[in-house]
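Right, one structure below, let's go through it.
Where a number appears in this text, it was derived from the coordinates with a stated rule and is not lab data. From a predicted model like this one, the values you see are computed outputs, not experimental measurements. When we count neighbours, we look across all protein chains shown, and the Cβ atoms used for this are built from the backbone with ideal geometry, even at glycine.
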Amino acid sequence: MSKLRVFLADDHAIMRESLRLIVDSQADMECVGEAGDGREAVEQVCRLLPDVAVLDISMPQMSGLQAAGRIKQCCPQVKVVTLTRHADGGFFQQLLGAGVSGYVLKQSASDVLLAAVRAAASGGVYLDPAVTGKITGGFARSRAKPNAASPAELSAREQEVLRLIALGHSNKEIAAQTGVGVKTVEAHKANAMQKLGMRGRTDIVSYAILRGWLRNE
């Protein structure tokens with residue numbers, strides 16, 4: 001079985017060394033490169049094309065958020081997991097917009113990072129358990145209507161469309177997977193969002209995590 005190829009970017013050499021040891025100690029992973037700033041990370045990732053790039057959000061030259069956006073533009077097949085010390089989830093919406101698949105706190109156990117890498121590589125979205133409650137709780141309090149529909153009141157197709165959107169698939173990709181037209185996908189999305197009082201993809205991902213639709217081990 002081929003190993004997951006992981007790239008690491010952090011401006012602290014000791015942190016990169018620790019991350020490399022953690023990754024290389026796994027039977028199903030290997031570190032294929034590293035960088036000390038965001039600009040170098042983008043250049044190296046676009047050249048090496050790893051399966052997953054782990055990026056510190058706070059880096060010189062270019063932030064992890066900016067680097068993630070550039071990486072998803074030049075090589076969208078590469079999954080991105082971000083590392084941060086901020087537990088308030090403040091970057092969550094921006095990171096989703098940049099196409100990030102994982103949000104992990106630096107102070108969490110190494111198992112959390114490894115779970116995020118594996119989930120991202122398999123097409124999932126991983127949110128550190130330490131911030132899951134804050135983000136999904138915020139959605140439940142301020143986004144959902146008091147009489148919002150339950151999953152049972154959404155059609156099976158509406159639930160499937162929301163789940164695939166949360167996983168990062170485009171309307172065109174969802175149409176191909178489900179065997180319906182793009183316009184039909186858009187209609188299912190609009191109907192589901194209206195029923196649940198959603199305003200954007202952040203709400204969709206929060207709801208998907210809340211309902212256990214995503215792999216968040």
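What's the extension gain from Ser110 to Asp28 if we count 0.36 nm per residue and subtract their Cα-Cα distance?
Values: separation 82, 0.36 × 82 = 29.52 nm, distance 1.50 nm.
Full extension of this stretch gives 28.0 nm more.
Give the angle, between 0 and 90 degrees and rounded to the nearest 10, that separates the Cα long axis of helix 129-142 from the longest principal axis of the Cα atoms of the chain.
Roughly 30 degrees, rounded to the nearest 10.
Points 7 angstrom from Cα along the Cβ direction at Arg85 and Cys46: gap in nanometres?
About 3.0 nm, to one decimal.
Only Cα pairs within less than 10 Å get springs; with that Gaussian network setup on the chain, which residue of Gly181, Gly123, Gly102 has the largest fluctuation?
Gly181
Stick to Cα atoms and the Kirkwood definition of Rh, then tell me Rg/Rh for the stretch 21-69. If you can, show how the numbers build up before the last one.
Details: Rg = 11.2 Å, Rh = 11.3 Å.
Checking Rg against Rh, the ratio lands at 0.99.
Excluding Met15 itself, what net charge comes from residues whose Cβ is under 12 Å from its Cβ, given Lys and Arg +1 and Asp and Glu -1? The partial results should precede the final answer.
Numbers: positive: Arg16, Arg20, Arg85, Lys106; negative: Asp10, Asp11, Glu17, Glu34, Asp56.
Surrounding charge for Met15 is -1.
Can you give the FRET efficiency for Arg39 and Gln77, using 1/(1 + (r/R0)^6), R0 = 25 Å, r = Cβ-Cβ distance, to the nearest 0.05? Show your work: numbers first, answer last.
Numbers: r = 21 Å, r/R0 = 0.84.
Calculated transfer efficiency: 0.75.
Assigning unit charges at the beta carbon (Lys, Arg +1; Asp, Glu -1) and nothing else, what dipole magnitude in debye, to the nearest 20, does the chain show about its Cα centre? Don't jump to the answer; show the numbers that get you there.
Details: 26 positive and 22 negative charges, 181 e Å.
That gives the chain a dipole magnitude of about 880 debye.
Evaluate the distance, in nm, between pseudo-label points positioned 7 Å from the Cα of Ser2 and of Arg201 along their respective Cα→Cβ axes.
Inter-label distance under the simple model: 2.6 nm.
Could you order the peptides 105-115, 39-49 from most to least packed, using the average number of other C-beta atoms within 10 Å per residue?
Working: 105-115: 16.2, 39-49: 18.4.
Taking the mean over residues of other Cβ atoms within 10 Å, the ranking is 39-49, 105-115.
Among Val205, Val100, Ser25, whose Cα projects farthest towards the positive end of the dipole of the chain, with charges put on the beta-carbon of Lys, Arg (+1) and Asp, Glu (-1)?
Ranked along the dipole, the leading option is Val205.
Listed here are the pairs Lys72/Lys183; Lys79/Lys189; Lys106/Lys195; which of them are more than 32 Å apart at the Cα? If you can, show how the numbers build up before the last one.
Details: Lys72/Lys183 25 Å; Lys79/Lys189 24 Å; Lys106/Lys195 37 Å.
Over 32 Å Cα-Cα: Lys106/Lys195.
Give me the one-decimal Kirkwood hydrodynamic radius in Å for the chain, with the sum taken over alpha-carbon pairs. Please report the intermediate quantities before stating the final value.
Values: mean 1/r = 0.0563 Å⁻¹.
Across the chain, the inverse of the average 1/r is 17.8 Å.
Which value, in debye to the nearest 20, describes the size of the charge dipole of the stretch 1-57 about its Cα centre when Lys and Arg Cβ atoms bear +1, Asp and Glu Cβ atoms bear -1, and nothing else is charged? Don't skip to the end; give the middle numbers.
On the way: 6 positive and 12 negative charges, 37 e Å.
Magnitude of the dipole: close to 180 debye.
With a cap of 14 neighbouring Cβ atoms within 10 Å, and only residues DSSP puts in a loop, list the trypsin sites (Lys or Arg not before Pro) found in the stretch 162-217.
Numbers: sites: Arg163, Lys172, Lys183, Lys189, Lys195, Arg199, Arg201, Arg211, Arg215; in loops: Arg199, Arg211, Arg215.
Loop-located and lightly packed - Arg199.
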